[in-house]
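The values are calculated or read from the model by the stated rules, or taken from the named source; none is laboratory data. Remember, predicted model here, so these are calculated numbers, not experimental data. Here the Cβ positions follow ideal geometry from the backbone for every residue, glycine too, while neighbour counts run over all protein chains shown. For the accessible areas, the whole protein counts, side chains as well, though only heavy atoms, and no ligand, DNA or RNA atoms are used. Shrake-Rupley method; radii C 1.70, N 1.55, O 1.52, S 1.80 Å.
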Amino acid sequence: MSTKNNSTPSLDWPAKTNHVPKEVFEMEGLWEEELKNIFYGEEWHPIVHRAEIPNPGDYKAAQLGEINVFAVHGDDGEIRVFQNTCTHRGTSLVTESSGNKKELECPYHRWLFNLEGDLVGCPGDREFSPDFDKKDYGLLKLRVEAFYGLYFATMSDKTPPLKEYFGESFYEPLQRLLGGDGRLNLIGYQKVIYDCNWKAYCDNDGYHGALLHKAFAMLNWQGGQGTQIVTKNGHLCFDSELTMPDHVDALEDGSILDFKGTETSNGSIVLMSFPITVYTKHMDMLNIRYSFPKGPKGVEVHYAYFSHQDDDDEMVRHRIRQSSNLLGPCGLISMEDASVFSRIDKGNRTQGDAIFQKGVKDEYAIPLEVGQTDETGNLARWERYRELMGFERRAK
Amino acid sequence: MSKFSSVNKELIEILNNEYISALNDFNMDNWLACFSQQGQYILTAEENIRRNLPVAFMLDDCYARLKDRVKQVMEIQYDSSEHYQMRHFTQLISATESENGVIETKFNFSVYYTPRDTHQTETLCVGKYEDSIVIEKGEALFQKRVAIVDTNVLPRYVVYPV
């Protein structure tokens with residue numbers, strides 16, 4: 001846990017665990033502390049799935065906090081994540097969001113790096129400083145661990161190993177969400193900026209589902225049995241059965257809602273890893289939402305969608321239709337979430353606390369056992385945030 | 001060869017004007033009326049097209065889906081959306097007729113939006129339409145309108161077709 005230093009903005013945190021002070025969202029000076037204590041701290045951040053950069057030389061740019069990074073598929077088949085900077089004078093090496101390169105050349109002084117990040121050429125090096133050694137000037141590599149093709153990076157050497165960090169209650173459904181074996185194909189992206197602080201984007205709960213999303217009721221769509229599991233370090237897992245009606249009267253084309261079903265899900269898996277990433281396997285959609293805060297205001301979300309390598313053509317087409325129409329910033333069953341992000345952001349520029357109620361049994365405890373339709377699954381994440389930021393909770 | 005070879009440009013312009021008027025007047029029934037019974041509408045990102053990735057922002061690949069799009073906007077999500085005024089500006093780039101009588105057109109577009117709370121106008125997206133147009137009973141209709149946005153990262157969630 002990070003300790004609070006003198007420059008940290010102070011924030012009076014309520015004694016009750018189901019209260020979150022509204023000023024925590026966009027308070028001046030917080031973002032810099034969040035970068036230091038959370039994004040550059042002991043957390044794992046998903047950067048890329050192998051399916052997005054399947055061939056040697058394929059790369060994908062991303063951000064970790066405010067640091068520009070890129071993942072690149074090496075000639076040796078390994079995927080590495082580097083800070084996007086030449087080790088000479090700091091020029092960015094990758095200037096597009098994705099692409100393919102045989103090697104990485106800085107245009108400024110033609111320093112040349114191979115796909116494994118080694119410096120292999122630098123003109124005029126006989127006139128460099130006496131101690132200069134190419135071996136010391138490889139690209140700045142981030143610590144990486146992969147899970148069924150999904151590569152996570154961390155800025156800290158102290159971050160626990162990935163499986164230990166997530167715990168089985170999170171990584172087991174994540175494996176199922178990644179098709180069971182991670183053999184995925186990328187089928188496309190939807191990218192959008194939501195007008196809210198990144199922490200407002202994170203709040204998700206089992207309470208709002210049937211109430212906000214009118215499509216569920218109109219489509220006579222019954223939520224079945226399910227669980228909501230919270231980990232102590234703030235990760236969240238919804239694993240729910242979906243019972244689809246035999247016939248969808250409310251739509252002209254009900255086929256968009258077919259659940260062709262695969263062996264890895266009862267219908268719906270929604271995961272959220274601390275601090276900010278959501279993963280979903282909703283019906284036949286396989287979706288990772290890479291999320292990048294734009295400072296204290298705004299969060300850029302890249303919805304990446306996948307098919308499985310064993311899918312037949314019909315299944316791929318079905319996944320494409322669902323992915324394009326149900327989730328994302330225009331989706332039939334998720335556009336409302338985007339609207340709420342924006343409204344939460346505006347509404348929280350007022351006084352007082354945001355208050356969680358559904359499922360609260362003890363206003364002074366952090367519940368790790370929560371019901372499927374409770375909103376208390378968020379409290380462990382808020383508690384972890386509070387601890388990492390060093391905010392003292394008011395006495396009871 | 002001319003980019004406007006022997007094509008009735010006037011009918012095309014009328015159709016395009018009806019389309020953008022429908023959206024800017026918030027009239028989704030008129031939007032639907034711009035499509036033939038085989039009509040399709042796709043809103044996607046330039047990045048997906050360039051990388052041959054088929055997922056779109058909106059993928060209405062049959063007339064039934066177009067009708068469901070109208071229902072989504074006007075009924076299912078009407079009360080949870082933060083509505084905004086759109087304003088389209090388009091420019092016809094090319095129009096050519098293929099052997100089967102289908103007219104292929106391209107328009108550039110820019111779309112501004114003005115939220116009803118801030119009333120500050122901003123750019124929603126910039127891109128191009130790639131269309132297949134048929135003439136039925138003297139009237140032009142979209143068999144397919146594909147809106148490809150250069151704005152790969154949209155500045156907000158999108159309630160209506162572009």
Subject >> Residue that is surrounded by the fewest Cβ atoms within 10 Å (Cβ to Cβ) [pool: residues in segment B:72-83 that are farther than 24 Å from residue B:149 by Cα and facing another protein chain (nearest Cβ under 7 Å)] >> reply: B:80
**OP:** Would you check if residue A:131 is in a helix (DSSP H, G or I), farther than 30 Å from residue A:312 by Cβ and in the same structural domain as residue A:60 (by TED's automatic domain parsing)?
**Re:** no
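Scanning segment A:367-396 for residues that are assigned to a loop (DSSP other than H, G, I, E, B) and modelled with pLDDT of 90 or more, which turns out surrounded by the most Cβ atoms within 10 Å (Cβ to Cβ)? Please lay out each step first, then the result.
Residues of segment A:367-396 that are assigned to a loop (DSSP other than H, G, I, E, B), as a first pass: A:367-368, A:371-375, A:390-392, A:394-396.
Keeping just the survivors that are modelled with pLDDT of 90 or more gives A:390-392, A:394-395.
Numbers: A:390: 16, A:391: 20, A:392: 11, A:394: 11, A:395: 5.
Among those that are assigned to a loop (DSSP other than H, G, I, E, B) and modelled with pLDDT of 90 or more, it is A:391.
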Subject >> Residues that are open to solvent by 40 Å² or more (accessible area, probe 1.4 Å), over 17 Å from the mean Cα position of the chain (by Cα) and within 14 Å of chain B (Cβ to nearest Cβ), drawn from segment A:175-194 >> reply: A:185
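Checking the structure you have, find out if any residue of segment B:38-52 is farther than 30 Å from residue A:315 by Cβ and small (Gly, Ala, Ser).
no
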Original post:
Does segment A:335-343 contain at least one residue that is out of contact with any strand residue (DSSP E or B) (no Cβ under 8 Å at 6 or more places or on another chain) and over 30 Å from residue A:253 (Cα atoms)?
Top reply: yes
Original post:
For segment B:54-111, which residues satisfy the criterion of being within 14 Å of the chain's Cα centre (by Cα) and under 17 Å from residue B:27 (Cα atoms)?
Top reply: B:66, B:69, B:70, B:86, B:87, B:88, B:111
Original post:
Quick one: which of A:241, A:314 is farther than 18 Å from residue B:59 by Cβ and not polar (S, T, N, Q)?
Top reply: A:241
Original post:
Inside segment B:62-78, can you point out the residues that are in contact with a strand residue (DSSP E or B) (Cβ under 6 Å, 6 or more places away or on another chain) and without any contact (Cβ under 8 Å) to a residue 40 or more places away in the chain?
Top reply: B:63, B:66
**OP:** Spot the failing condition for residue A:217; the list is (1) crowded, with 22+ Cβ neighbours inside 10 Å; (2) in a helix (DSSP H, G or I); (3) out of contact with any Asp or Glu (no Cβ under 9 Å at 6 or more places or on another chain); (4) within 13 Å of chain B (Cβ to nearest Cβ), and only one is missed.
**Re:** (1)
Original post:
Of the conditions (1) open to solvent by less than 70 Å² (accessible area, probe 1.4 Å); (2) more than 30 Å from residue A:344 (Cβ to Cβ); (3) without any contact (Cβ under 8 Å) to a residue 40 or more places away in the chain; (4) within 14 Å of chain B (Cβ to nearest Cβ), residue A:99 fails just one. Which one is it?
Top reply: (3)
Original post:
Is it true that some residue in segment A:46-57 is surrounded by fewer than 20 Cβ atoms within 10 Å (Cβ to Cβ) and either of a type in the set (Asp, Glu) or in a strand (DSSP E or B) (or both)?
Top reply: no
Original post:
Can you tell me which residue in segment B:136-162 is farthest from the other protein chains (Cβ to nearest Cβ), limited to those that are closer than 24 Å to residue A:298 by Cβ, buried (at least 22 other Cβ atoms within 10 Å of the Cβ) and of a type outside the set (A, V, I, L, M, F, W, C)?
Top reply: B:160
Original post:
Can you pull out the residues in segment B:26-71 that are polar (S, T, N, Q), open to solvent by 60 Å² or more (accessible area, probe 1.4 Å) and over 27 Å from residue A:304 (Cα atoms)?
Top reply: B:30, B:37, B:38
